[in-house]
Amino acid sequence: VPAYDAQAIETKWQKTWEDEELYKTDEDPSKPKKYVLEMFPYPSGDLHMGHARNYTIGDAMARQARMRGYDVLHPMGFDAFGLPAENAAIKHNTQAAKWTYKNMDTAIATMKRMGFSYDYDRLVRTCDPEYYKWGQWMFLKMYEKGLVYRATSPVNWCPSCKTVLANEQVVEGRCWRCGSIPEKRNLSQWYLKITDYAQELLDDLDKLTGWPERVKAMQRNWIGRSEGAEIDFTLADKDGVTPTDRKITVFTTRADTLFGVSFMVLPPESELAAELVAGTEYEPAFLELKAATEKVSSVDRQGSDREKHGVFTGRYVINPINGRPAPIWVADYVLLDYGTGAVMGVPSGDQRDFDFARKYGLPIPPIICEKDDPLYDRLKDVRDLEVTDVDWDGAMAAEGYLVQSGQFTGLRGGKHSEAVDAMISYLEERGLGRKTVQFRLRDWLISRQRYWGNPIPMIHCDCCGDVPVPYEDLPVRLPENLDLGAGETLAEYAPFYETTCPKCGRPAKRITDTMDTFTCSSWYYLRYCDPHNDELPFSKEAVNRWMPVDNYIGGIEHAILHLLYSRFWTKVCRDLGMIDVDEPFTNLLCQGMVKDENGDTMSKSKGNVVPPSSVIGPYGADTMRLAILFIAPSEKDFNWDPEAVAGANRFIKRAWRIVWLLTEGAAAGTAAGTAAGSPALDPSKLSGASKELWRQLNEHGVKCTEDFDRGQFNTAISAVMELVNAASKYVNDVPVAERDAALCMRVAHDVVAMLAPIIPHWAEELFHAALGREGSVYNEPWPEFDPEQAKSDEIQIAVQVKGKVRARIDVAADVSKEELEEAAKAAVADQLVGKTIKKVIVVPGRLVNIVAI
Ligand code: ANZ
Ligand code: ZN
């Protein structure tokens, strides 16, 4: 048996595969297609363990699909724009482009060293003008469709990244990239109208049966659809009672609680509130609250345990249902950009309103009661407000029956209740309110005040306003010679922004914002289908051939961001007539994290990073790949374990030896075989150990295949390990001359084939050297196994005497009852001496119990 030399084998096959273009996409329409995709990396340096895991999973899928007869698209690329390149350029006094291209080269070298089967002809780098040109092109198409607009509103500004962020990029109140707390700034920014697609983005989640439930739940939550009503309150004049002709409209999901309104709340950013207090004694406190609130994130502001802060405006609204006045307050728990930006305060139904009412001594009129509440008996027939305050220590039950609520008294109330419907109908008939649907999802803010990104293809002209760059002038090129180290920015770089208006020809200024890099990653998977197209972002035919992506693999951190934006982009392209699919990713696998030995996340700052090279160096890429896939199911986190790596390496060597021994044995006993070295296998002629090995081949082969098809690599590997154990026992127990040569070759072949998606270099080497085959193991069909042949034709039966197991016997699976009884009696004959058999109980397939005295 030749020694297993991982480094030599791996370099050899990587070169051969590349020379022979083995992983070039076939584009063979006679085969079914499979598009396997891993989320492309940000080129911030070399690949880390998380990448290695991500790509190993994808590679195993792609390689197995190839052997399963699919035409496979398995591409790779780089999400190459972004802030880290800019920061690195400043720090190392180089250009962002240089830094980025160098890192991409490093990453590609590592990918090749890992033996990933990418079609590098389709490599996409988002910072290449050939790519970002089409991002600009699609921006202009969206602009024509009315899906792009510019607006001035309070936005999240990250003080450390020095740019605005989209709502999705403020994660738990912090900048998704650097963790700083964003400030609110009122700025003019560019938006994509993702809210036009809110309902469809929500509805189509139901179609995504191949997505993890938790990812869908996160998206549902983020989209946040709420059915409710808008209700108009009339603003009272300064006297607090005379109606004016102005209205304040609230959004509520609980129209049924209208009789319980104790106050109205506006957010501190409200312009109306500022107007109401202007020049009054209430203004100073209002301004103070406004300033204090600017420092708090919107997530924190809504936190239910956070203390609420409010000020009275001195003014009142009139409740449309009963004409009662309610004071207008300003409070930080209300947000400007949700619903109508105004809330009717119902302390008896809403905990936040309750806390607020308690703190500021506002009344708490009870309007909804459970039947077992003492208040219920007292108020169940009361229509006017009799009790205006309660002594509860918390808000009331969310559900119950309305009390003190006029004609609605007695109706069942709560979210989506009959009382809500009745109240909305009543208001609608009188023009005082209307049913509406609210979404939490906001439009996607895509402009960034950063250099290293895709320039927004718009020009601002003092006469014509915002004018799109003509298509024939695309791409708007990002200048590469900016001196970032010296503090130069795109906004101040005249050679970039000085231009003329495409409409009127007068001097004009280019927009110097670049697009959020998430725009680049929202369609790269479409570009892979047709990466060299220089007339369009991609052709419809190419996309129709490959889309949707069949298996998408990546981190859970993109559950909302990238995955929501990509779904949106796909739907926009569909509506632009560019593609026919509705959803980009059919099956989604979110791989678990690789943590350090103590279960800590790996990070440079903690100094606990295990780089892939530390395994590839001593053991080779195959050991790394096997260890990653075997250590845990793909969706689970695992702790890095050097022992698991050593174990993977031991198995590889052992399987290497067994395959060689099987083939050597076959060669020795080839008399019965064919000249080609693959004698015909006749399973019906097998007996004894050979028959058992044949059975095990089928048993483990069936299991391995099923697990592969479900993406359960760790158990698929276990199945092959069991087969290797069986083969090992066979070569140990059976002398060479007695081995079945054809069976040996078959087992050797199938072990190699089943491990080929996981440890490709090992498999390719054995395929040639030990099995004596030509071509590539990846052009071999996946082996077929027969579940019928996996059945053992002997079963083991326990024989009991008076309930105690005394023996175990092997009998034919189809043994008759009489035969079984006889065999059982024979097996325990010594126990039965001198006794009379009273009864024999047979539990078919399991045991025989003999009752004898
Ligand atoms: C009165 C009421 C009574 C409410 C009650 C709830 C319970 P979801 O389900 O998340 O859509 N709300 C409306 N606009 C708001 C804003 N801009 N800032 C903060 N809160 C706002 O929540 C809808 C409820 O959130 C609305 O229904 C409103 O309070 C509040 F017993 O109106 B409700
Ligand atoms: Zn930041």
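Output the number of residues of the stretch 469-510 satisfying the condition of being under 23 Å from Trp134 (Cα atoms) and touching a Cys at 6+ places or on another chain (Cβ under 7 Å).
Matching residues across the stretch 469-510 total 2.
Can you find a residue in the stretch 90-97 that is touching a Gly at 6+ places or on another chain (Cβ under 7 Å) and assigned to a helix (DSSP H, G or I)?
Initially, the stretch 90-97 is screened for residues touching a Gly at 6+ places or on another chain (Cβ under 7 Å), giving 90, 93.
Going one step further and asking which of them are assigned to a helix (DSSP H, G or I), we end up with 90.
Looking through the stretch 90-97, at least one residue is touching a Gly at 6+ places or on another chain (Cβ under 7 Å) and assigned to a helix (DSSP H, G or I).
Does the stretch 167-176 include one or more residues that are among the polar types (S, T, N, Q), touching a strand residue (DSSP E or B) at 6+ places or on another chain (Cβ under 9 Å), more than 16 Å from ligand 1 (Cβ to nearest atom) and over 30 Å from Ala8 (Cα atoms)? Working first, answer last.
Filtering the stretch 167-176 down to residues among the polar types (S, T, N, Q) leaves 167, 169.
Checking the rest, the ones that are also touching a strand residue (DSSP E or B) at 6+ places or on another chain (Cβ under 9 Å) come to 167, 169.
Retained after the next criterion (residues that are more than 16 Å from ligand 1 (Cβ to nearest atom)): 169.
If we keep only those that are over 30 Å from Ala8 (Cα atoms) too, we end up with 169.
Looking through the stretch 167-176, at least one residue is among the polar types (S, T, N, Q), touching a strand residue (DSSP E or B) at 6+ places or on another chain (Cβ under 9 Å), more than 16 Å from ligand 1 (Cβ to nearest atom) and over 30 Å from Ala8 (Cα atoms).
Which residue out of Leu478, Leu482, Leu526 is modelled with pLDDT under 95 and buried (at least 19 other Cβ atoms within 10 Å of the Cβ)? Working first, answer last.
Numbers: Leu478 fails: modelled with pLDDT under 95; Leu526 fails: modelled with pLDDT under 95.
Just one listed residue meets the conditions, Leu482.
Just one of (1) in the same structural domain as Asp707 (by TED's automatic domain parsing); (2) at pLDDT below 95; (3) out of contact with any helix residue (DSSP H, G or I) (no Cβ under 6 Å at 6 or more places or on another chain) trips up Arg739, so point out which.
It fails just one condition, (3).
Kindly check whether there is at least one residue in the stretch 145-163 that is under 28 Å from Pro470 (Cα atoms) and within 16 Å of ligand 2 (Cβ to nearest atom).
yes
From the list Thr280, Thr313, which residue is more than 30 Å from Arg412 (Cα to Cα), of a type in the set (S, T, N, Q), modelled with pLDDT of 95 or more and not in a loop (DSSP other than H, G, I, E, B)? Can you show your working first?
Numbers: Thr280 fails: not in a loop (DSSP other than H, G, I, E, B).
The match here is Thr313.
Just to be sure before I move on: is Leu375 surrounded by 15 or more Cβ atoms within 10 Å (Cβ to Cβ), more than 16 Å from ligand 2 (Cβ to nearest atom) and over 45 Å from the mean Cα position of the chain (by Cα) in the structure I sent? Full working, then the answer.
Details: surrounded by 15 or more Cβ atoms within 10 Å (Cβ to Cβ): yes; more than 16 Å from ligand 2 (Cβ to nearest atom): yes; over 45 Å from the mean Cα position of the chain (by Cα): yes.
Yes; evaluated as a whole, the condition is true for this residue.
Could you please find all residues in the stretch 240-261 being in a strand (DSSP E or B) and crowded, with 24+ Cβ neighbours inside 10 Å? Let's see the steps before the verdict.
So the first thing to find is which residues in the stretch 240-261 are in a strand (DSSP E or B), and the list is 243-252.
Hits for the stretch 240-261 are Val250, Thr252.
Residue by residue, here is whether (1) basic (Lys, Arg); (2) at pLDDT below 95; (3) in contact with a strand residue (DSSP E or B) (Cβ under 7 Å, 6 or more places away or on another chain) holds:
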{"residue": "Asp550", "(1), (2), (3)": "no, no, yes"}
{"residue": "Ile553", "(1), (2), (3)": "no, no, yes"}
{"residue": "Leu564", "(1), (2), (3)": "no, no, no"}
{"residue": "Arg567", "(1), (2), (3)": "yes, no, no"}
{"residue": "Gly577", "(1), (2), (3)": "no, no, no"}
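For the stretch 328-369, which residues satisfy the criterion of being more than 9 Å from ligand 1 (Cβ to nearest atom) and of a type outside the set (A, V, I, L, M, F, W, C)?
Asp332, Asp355, Arg358, Lys359, Tyr360, Gly361, Pro363, Pro365, Pro366
Would you be able to say whether some residue in the stretch 154-166 is surrounded by 18 or more Cβ atoms within 10 Å (Cβ to Cβ) and either among the basic types (Lys, Arg) or within 16 Å of ligand 1 (Cβ to nearest atom) (or both)?
Going through the stretch 154-166, the residues surrounded by 18 or more Cβ atoms within 10 Å (Cβ to Cβ) turn out to be 155-158, 161, 163-166.
When the remaining residues are screened for being either among the basic types (Lys, Arg) or within 16 Å of ligand 1 (Cβ to nearest atom) (or both), the result is none.
Within the stretch 154-166 (the criterion being surrounded by 18 or more Cβ atoms within 10 Å (Cβ to Cβ) and either among the basic types (Lys, Arg) or within 16 Å of ligand 1 (Cβ to nearest atom) (or both)), the answer is no, since none of the residues qualifies.
If you take the residues in the stretch 730-752 that are of a type outside the set (A, V, I, L, M) and loosely packed, with under 15 Cβ neighbours inside 10 Å, which one is farthest from Asp622 (Cα to Cα)? Don't jump to the end; show me each part of the working.
Residues of the stretch 730-752 of a type outside the set (A, V, I, L, M): 730, 732-733, 735, 738-740, 744, 746, 749-750.
Filter once more, keeping what is loosely packed, with under 15 Cβ neighbours inside 10 Å: 732-733, 735, 738.
Numbers: Asn732: 27, Asp733: 30, Pro735: 32, Glu738: 34 Å.
Here the residue is Glu738.
Checking the structure you have, find out if any residue of the stretch 444-467 is among the basic types (Lys, Arg) and surrounded by 15 or more Cβ atoms within 10 Å (Cβ to Cβ). Write out each step before concluding.
First, the residues of the stretch 444-467 that are among the basic types (Lys, Arg): 448, 450.
Within this subset, residues satisfying the condition of being surrounded by 15 or more Cβ atoms within 10 Å (Cβ to Cβ) are 448, 450.
Taking every residue of the stretch 444-467 in turn, at least one turns out to be among the basic types (Lys, Arg) and surrounded by 15 or more Cβ atoms within 10 Å (Cβ to Cβ).
Quick check, is Ser160 farther than 24 Å from Leu441 by Cα and at pLDDT below 95?
Numbers: farther than 24 Å from Leu441 by Cα: yes; at pLDDT below 95: yes.
It is true that Ser160 is farther than 24 Å from Leu441 by Cα and at pLDDT below 95.
Can you tell me which condition Glu183 does not meet? The list is (1) more than 16 Å from ligand 1 (Cβ to nearest atom); (2) touching a helix residue (DSSP H, G or I) at 6+ places or on another chain (Cβ under 6 Å), and all the others hold.
Looking at each condition in turn, Glu183 falls short on (2).
Conditions tested, residue by residue: (1) within 16 Å of ligand 2 (Cβ to nearest atom); (2) surrounded by 18 or more Cβ atoms within 10 Å (Cβ to Cβ).
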| site | (1), (2) |
| --- | --- |
| Glu275 | no, no |
| Phe286 | no, yes |
| Ser297 | yes, no |
| Ser304 | no, no |
| Tyr316 | no, yes |
| Pro320 | no, yes |
| Ala326 | no, yes |
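Out of the residues in the stretch 562-594 that are of a type in the set (A, V, I, L, M) and over 26 Å from Lys636 (Cβ atoms), which is surrounded by the most Cβ atoms within 10 Å (Cβ to Cβ)?
Step one: of the stretch 562-594, the residues of a type in the set (A, V, I, L, M) are 563-564, 572, 576, 578-579, 581, 588-589, 593-594.
Now narrow it down to the ones that are over 26 Å from Lys636 (Cβ atoms): 572, 576, 578-579, 581.
Working: Val572: 23, Leu576: 14, Met578: 19, Ile579: 25, Val581: 17.
Result: Ile579.
Residues in the stretch 165-175 that are more than 8 Å from ligand 2 (Cβ to nearest atom) and closer than 14 Å to Thr517 by Cα: how many?
Residues flagged as more than 8 Å from ligand 2 (Cβ to nearest atom) and closer than 14 Å to Thr517 by Cα within the stretch 165-175 amount to 3.
So Val420 ticks every box in (1) crowded, with 19+ Cβ neighbours inside 10 Å; (2) at pLDDT 90 or above; (3) within 12 Å of ligand 1 (Cβ to nearest atom); (4) part of a loop (DSSP other than H, G, I, E, B) but one. Which box is left unticked?
(4)
With (1) away from ligand 2 (no atom under 16 Å from the Cβ); (2) farther than 30 Å from Ala60 by Cβ; (3) part of a helix (DSSP H, G or I); (4) aliphatic (A, V, I, L, M) as the list, and Ile108 as the residue in question, which single condition is left unmet?
All conditions pass for Ile108, except number (2).
Results for (1) without any contact (Cβ under 8 Å) to a residue 40 or more places away in the chain; (2) within 16 Å of ligand 1 (Cβ to nearest atom), shown as yes or no for each residue.
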{"residue": "Ser270", "(1), (2)": "no, yes"}
{"residue": "Gly279", "(1), (2)": "yes, no"}
{"residue": "Val296", "(1), (2)": "yes, yes"}
{"residue": "Lys308", "(1), (2)": "no, yes"}
{"residue": "Val317", "(1), (2)": "no, yes"}
{"residue": "Gly323", "(1), (2)": "yes, no"}
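Which one of Glu183, Glu130 is in contact with a strand residue (DSSP E or B) (Cβ under 6 Å, 6 or more places away or on another chain) and among the acidic types (Asp, Glu)?
Values: Glu130 fails: in contact with a strand residue (DSSP E or B) (Cβ under 6 Å, 6 or more places away or on another chain).
Exactly one of Glu183, Glu130 is in contact with a strand residue (DSSP E or B) (Cβ under 6 Å, 6 or more places away or on another chain) and among the acidic types (Asp, Glu), namely Glu183.
Among the listed residues Gly505, Gly487, identify the single one that is free of Cβ contacts under 8 Å to residues at least 12 places away in the same chain and under 30 Å from Glu168 (Cα atoms).
Being free of Cβ contacts under 8 Å to residues at least 12 places away in the same chain and under 30 Å from Glu168 (Cα atoms) holds for just one of Gly505, Gly487, which is Gly487.
Could you grab me the full set of residues in the stretch 786-804 that are in a strand (DSSP E or B) and either without any contact (Cβ under 8 Å) to a residue 24 or more places away in the chain or of a type outside the set (A, V, I, L, M, F, W, C) (or both)?
Step one: list which residues in the stretch 786-804 are in a strand (DSSP E or B), which gives 794-801, 804.
Answer for the stretch 786-804, where residues must be in a strand (DSSP E or B) and either without any contact (Cβ under 8 Å) to a residue 24 or more places away in the chain or of a type outside the set (A, V, I, L, M, F, W, C) (or both): Glu794, Gln796, Gln800, Lys804.
I'm trying to understand the selection: among the residues of the stretch 767-785, which are assigned to a loop (DSSP other than H, G, I, E, B) and aliphatic (A, V, I, L, M)? Reasoning before the result, please.
The first filter runs over the stretch 767-785 and keeps only residues assigned to a loop (DSSP other than H, G, I, E, B), leaving 770-776, 780-785.
Once the filter is applied, which keeps residues that are assigned to a loop (DSSP other than H, G, I, E, B) and aliphatic (A, V, I, L, M), the stretch 767-785 yields Ala770, Leu771.
When residues of the stretch 250-277 are filtered for being farther than 17 Å from Ser348 by Cα and aliphatic (A, V, I, L, M), how many remain? Lay out the reasoning, then the answer.
Initially, the stretch 250-277 is screened for residues farther than 17 Å from Ser348 by Cα, giving 250-251, 266-277.
If we keep only those that are aliphatic (A, V, I, L, M) as well, we get 250, 266, 272-274, 276-277.
Number of matching residues: 7.
The values are calculated or read from the model by the stated rules, or taken from the named source; none is laboratory data. From a predicted model like this one, the values you see are computed outputs, not experimental measurements. Here Cβ is always computed from backbone atoms with ideal geometry, including for glycine, and neighbour counts include all displayed protein chains.
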